[in-house]
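One structure is given here, and the rest of the page talks about it.
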Amino acid sequence: MPADWTEAQIRDFGYQVVDLIAESLGSIDRGPVFRPVPPDIAASLRDQPLPQDGTPAEALLADFRERVLPYPLGNGHRRFWGWVNSPPAVIGVFADALAAAMNPSVAGGNHAAVHLEHGVLAWFKEIFGFPPESGGLLVSGGSVANLIGLAAARHERAGFDVRSDGLQGVNQKLIVYSSEEGHSCIRKAVELLGMGSSNLRTIGVDDSFRIDVAALEVAMASDVAAGHRPLAVAASAGTVNSGAIDPLVEISAVCRRHGAWFHVDGAYGALAILSRRHGQELAGLRLADSIAVDPHKWLSVPIEAGLVLVRDAAAMRDAFSLVPPYLRTDDDPTGLGGPVWFSEYGIQQTRGFRALKVWMTLREEGVEGYRAAIDKQVDLAERLRGQVDSAADMEVVASGLSVVCFRYTPDELRGDEEALDGLNRELLRRLQLGGEAFLSGTVLRGRFALRACIVNYKTREEDIDRLVELVRVTGVEVNG
Ligand SMILES: Cc1ncc(COP(=O)(O)O)c(C=O)c1O
């Protein structure tokens, strides 16, 4: 049995934890961005005997401090720009502790966490121009948000009862469309939903890595001609590779013409709707049938915090609702049952109190605070792009939103694509291990590129300037 701590014990231990959090978050920028876990420590973490007897809490904290805390992914650091990982908003860190202290299951019921999640969802509906009666759910992240959006699409647009009949023996193929830059989780969702990745059409992109709408139209028309059913388009509002935003308004029109569901994967970029520069480009989000968004990306809500909105709440509920007799789920907002249970709108029954950290983080900063922060990060990406553009030994491969993909291209290797790929791969490896800055890499049109994605509210202009210097110094070193 877990020990039943006294209030004094909780306070005493809690203060030690708070000291550790303060020390760690306060000093993180002075240490390396990343350092690999030494093999002996990694082994000691992986291979541990099942504890037969208890260990005092103080010893556990000391062990955490020694073997776990010093080896983070690196995304708390102000010079981390890998993948789409942000540093945590400090208030969100504490919100997570408070949520765990309350420990509700937010499957449903009439308790504060349920109402708070509804409140948080209402804010996002407002941000994206969705009607207040739309459906929504906080989930683990963008992958699950996309899965739920596409599950609602499948249920609503399959043309038969997928829930009872399944996809066995179905003659008509259900087709989903995404661009070749669409996130891999779209394919996972299509596979998990039984539609098969051979029925996911990967449509080509234009020079800016946005889906080719004319090609999308042609693909849909030819599927219809072949007797297939265009089920859904999964557009991107900020591709993971290069931040490209698909032309949402045009895609919505194509979907309408073919009766397809319009889903948008905005896990990374949708919240740039708050920004000066991209707000207009993202206004078409209001036309979507469903959107996936990740507060754990650009809002810096501690991982995990994803969110899905589905315009037609009834479709979302119909896709998932299954109420066993021992659960009451009447719509009884002021009574014991509470509002219709969240568990009727998604996969999970027992659900965590994610809303608290989203609620506290969004309130602490406010929409205006985020607008300024996102604008600043887009400006920093622009600064990086400008510096790379004007450098004789580097080139921009792609950029959009707060992503810049670029390469170190010394004169003597220009045109030798294989050598440039090898050089940049090694450069990235050394940069990551060097501990001064962290980028990830990607492949665009078959060519390897360094990739900086700035979803980091801590980054300053001087960090960007240092990055460009570091890439040059490391490039020269690798090139010999
Ligand atoms: C565009 C896009 N879609 C989906 C995802 C998947 O989201 P998650 O990792 O939160 O599951 C990501 C993650 O980076 C992403 O960038």
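The values are calculated or read from the model by the stated rules, or taken from the named source; none is laboratory data. This is a predicted model, so every value here is computed, not measured. A quick note on method: Cβ atoms are made from the backbone with ideal geometry, for glycine too, and the neighbour counts reach across all protein chains shown. Accessible surface areas use protein heavy atoms only, side chains included; no ligands, DNA or RNA. Shrake-Rupley method; radii C 1.70, N 1.55, O 1.52, S 1.80 Å.
Can you figure out the FRET efficiency of Ala112 with Asn171, using R₀ = 60 Å and their beta-carbon distance, to the nearest 0.05?
Details: r = 49 Å, r/R0 = 0.82.
Using R0 = 60 Å, I get an efficiency of 0.75.
Determine, for each peptide in 237-249, 2-14, the mean count of other beta carbons within 10 angstrom over its residues, then list the peptides with the highest first. It would help to have the intermediate numbers written out before the result.
Details: 237-249: 24.8, 2-14: 10.1.
Ranked from most to least packed, the peptides come out as 237-249, 2-14.
Could you give the alpha-carbon Rg of region 331-370 over 2.2 N^0.38 Å, rounded to two decimals? Provide the component values of the computation, followed by the final result.
Numbers: Rg = 14.1 Å, N = 40, 2.2 N^0.38 = 8.9 Å.
The reported ratio for this selection is 1.57.
For Lys188, Lys173, Lys357, what's the largest-to-smallest order of accessible area, 1.4 Å probe? Working shown, then result.
Numbers: Lys188 135, Lys173 95, Lys357 10 Å².
Reading off the accessible areas and sorting them downward yields Lys188, Lys173, Lys357.
For a protection proxy built on the mean count of beta-carbon atoms within 10 angstrom, sort 437-446, 22-31 highest first, please.
On the way: 437-446: 17.9, 22-31: 12.8.
Highest to lowest by the protection proxy: 437-446, 22-31.
Based on the Cβ-Cβ distance of Ala253 and Trp5, what FRET efficiency does E = 1/(1 + (r/R0)^6) give at R0 = 45 Å, to the nearest 0.05? The partial results should precede the final answer.
Working: r = 60 Å, r/R0 = 1.33.
With R0 = 45 Å, the Cβ-Cβ based efficiency is 0.15.
So the label point goes 7 Å from the Cα of Leu20 along Cα→C-beta, right? Which residues of region 44-75 then have their backbone N under 13 Å from it?
56-71
Quick check for you: which residues of region 1-38 have the amide N under 17 Å from the point 7 Å beyond the Cα of Val473 toward its beta carbon?
In region 1-38, the label zone of Val473 (backbone N under 17 Å from the point 7 Å along Cα→Cβ) covers 30-34.
Quick one: accessible area per residue over region 141-290, 1.4 Å probe, rounded to a whole number of Å²?
Working: 5760 Å² over 150 residues.
That works out to 38 Å² for each residue.
Calculate what fraction, in whole %, of the accessible area of region 353-428 sits on carbon and sulfur atoms when a 1.4 Å probe is rolled over the protein chains. Walk me through the intermediate numbers first.
Numbers: 1380 of 3090 Å².
C and S fraction of accessible area: 45 percent.
Run the Debye formula on the Cα coordinates of region 265-379, all scatterers equal and no solvent, and tell me log10 I(q)/I(0) at q = 0.09, 0.17, 0.21 1/Å.
Taken in order of the listed q values, log10 I(q)/I(0) reads -0.32, -0.96, -1.21.
As a test of reading the structure, rank Ser105, Ser402 by solvent-accessible area (1.4 Å probe, protein chains only), most first.
On the way: Ser105 45, Ser402 0 Å².
Ranked list, largest accessible area first: Ser105, Ser402.
Would you rank Tyr345, Tyr15, Tyr326, Tyr177 by solvent-accessible area, highest first, keeping every protein chain in place and using a 1.4 Å probe? Spell out each step's value before the answer.
Details: Tyr345 35, Tyr15 140, Tyr326 185, Tyr177 0 Å².
Greatest to least solvent exposure: Tyr326, Tyr15, Tyr345, Tyr177.
Would you please name the GluC sites (Glu not before Pro) within region 411-475 that are DSSP coil residues with at most 10 other C-beta atoms within 10 Å of their C-beta? Don't jump to the answer; show the numbers that get you there.
On the way: sites: Glu412, Glu417, Glu418, Glu426, Glu436, Glu461, Glu462, Glu469; in loops: Glu436.
Listed in order of number, the matching sites amount to none.
Calculated FRET efficiency, Leu69 and Ala43, Cβ-Cβ r, R0 25 Å, to nearest 0.05? Present the calculation step by step, with values, prior to reporting the outcome.
Working: r = 18 Å, r/R0 = 0.72.
For Leu69 and Ala43, the calculated efficiency is 0.90.
For Gly136, what residues show an amide H to amide H distance below 5 Å, using hydrogens built from the backbone and excluding near sequence neighbours?
Excluding prolines and chain starts, which carry no amide H, the hits are Val310.
Counting only heavy atoms of protein chains, what accessible area per residue, in Å², does region 71-111 have with a probe of 1.4 Å?
Numbers: 1600 Å² over 41 residues.
Here the residues of region 71-111 average 39 Å² of exposed surface.
Considering only protein heavy atoms and a 1.4 Å probe, what is the carbon-and-sulfur percentage of the accessible area of region 138-210?
Details: 1300 of 3230 Å².
Roughly 40 percent of what the probe reaches on region 138-210 is carbon or sulfur.
Go through Gln48, Ile21, Ala62 and say which Cα lies farthest out towards the positive end of the charge dipole of region 1-97; charges sit on Cβ, +1 for Lys and Arg, -1 for Asp and Glu.
Ile21
For a quick check of understanding: with a 1.4 angstrom probe and all protein chains in place, what accessible area in square angstrom does Asp465 have, to the nearest ten?
50
What full-extension length gain, to one decimal in nm, is calculated for Ser27 and Val93 as 0.36 nm per residue of separation minus the Cα-Cα distance? Working shown, then result.
Details: separation 66, 0.36 × 66 = 23.76 nm, distance 1.60 nm.
Additional length available on full extension: 22.2 nm.
Positive end of the dipole of the chain, charges at C-beta (+1 Lys, Arg; -1 Asp, Glu), about the Cα centre: which of Gly284, Pro295, Val90 has its Cα farthest in that direction?
Of the options given, the answer is Gly284.
Charges on Cβ only, +1 for Lys and Arg, -1 for Asp and Glu, centred on the Cα centroid of the chain; of Gly269, Ala235, Pro72, which one is farthest towards the dipole's positive end?
Ala235
Could you run the Karplus curve 6.51 cos²θ - 1.76 cosθ + 1.60 with θ = phi - 60° over region 286-291 and give me ³J(HN,Hα) per residue in whole Hz, x for Gly and Pro?
Per-residue couplings from phi come out as 5, 8, 6, 7, 8, 9 Hz.
Report the antiparallel proportion of the DSSP beta bridges in the chain as a percent, rounded to a multiple of 5. The partial results should precede the final answer.
Working: 27 of 46 bridges.
Expressed as a percentage, antiparallel bridges in the chain total about 60.
How big is the charge dipole of region 349-438 about its Cα centre, in debye rounded to the nearest 20, if each Lys and Arg gets +1 on its Cβ and each Asp and Glu gets -1 on its Cβ? Please list the in-between numbers first.
Details: 13 positive and 17 negative charges, 176 e Å.
Here the size comes out at about 840 debye.
In whole Å, what are the Cα extents of the chain along the three principal axes, biggest one first?
The principal-axis extents, from largest down, are 67, 65, 45 Å.
Using a Cα-Cα cut-off of under 30 Å, which lysines could be cross-linked to Lys357, ignoring same-chain neighbours fewer than 8 residues away?
Of all the lysines, those that pass the test against Lys357 - Cα under 30 Å, at least 8 places apart if same chain - are Lys125, Lys188, Lys297, Lys376, Lys458.
Rolling a 1.4 Å sphere over the protein heavy atoms, what is the accessible area per residue of region 407-480, to the nearest Å²?
Numbers: 3210 Å² over 74 residues.
I get 43 Å² per residue for this part.
In deg cm²/dmol and to the nearest 500, what is the mean residue ellipticity at 222 nm of the chain if only DSSP H runs of at least 4 residues count, each as -39500 (n - 2.57), divided by the residue total? Spell out each step's value before the answer.
Working: 14 runs with 200 residues, N = 480.
The helix contribution divided over the chain gives -13500 deg cm²/dmol.
Using amide H atoms built in the peptide plane, which far-off residues or other-chain residues are under 5 Å from Ile175 H to H?
Close amide H contacts, sequence-distant or interchain: Arg229, Leu231, Ala232.
How many percent of the accessible area of region 24-120 is carbon or sulfur, using a 1.4 Å probe?
Numbers: 3290 of 5360 Å².
Ligands and nucleic acids excluded, carbon and sulfur give 61 percent.
Using the crude model of +1 on Lys and Arg Cβ and -1 on Asp and Glu Cβ, and no other charge, please compute the dipole size for region 1-143 relative to its Cα centre, in debye to 20. Before the final figure, lay out each step's value.
Working: 9 positive and 16 negative charges, 127 e Å.
Here the size comes out at about 620 debye.
Hand me the GluC sites (Glu not before Pro) from region 175-243 located in a DSSP loop with no more than 15 other Cβ atoms within 10 Å, in residue order please. Write out the running numbers ahead of the final one.
On the way: sites: Glu180, Glu181, Glu191, Glu217; in loops: Glu180, Glu181.
The qualifying sites are Glu180.
Mind checking the dipole of the chain: about its Cα centre, +1 per Lys or Arg Cβ, -1 per Asp or Glu Cβ, Debye to the nearest 20? Before the final figure, lay out the partial values.
Working: 47 positive and 63 negative charges, 118 e Å.
For this selection, approximately 560 debye.
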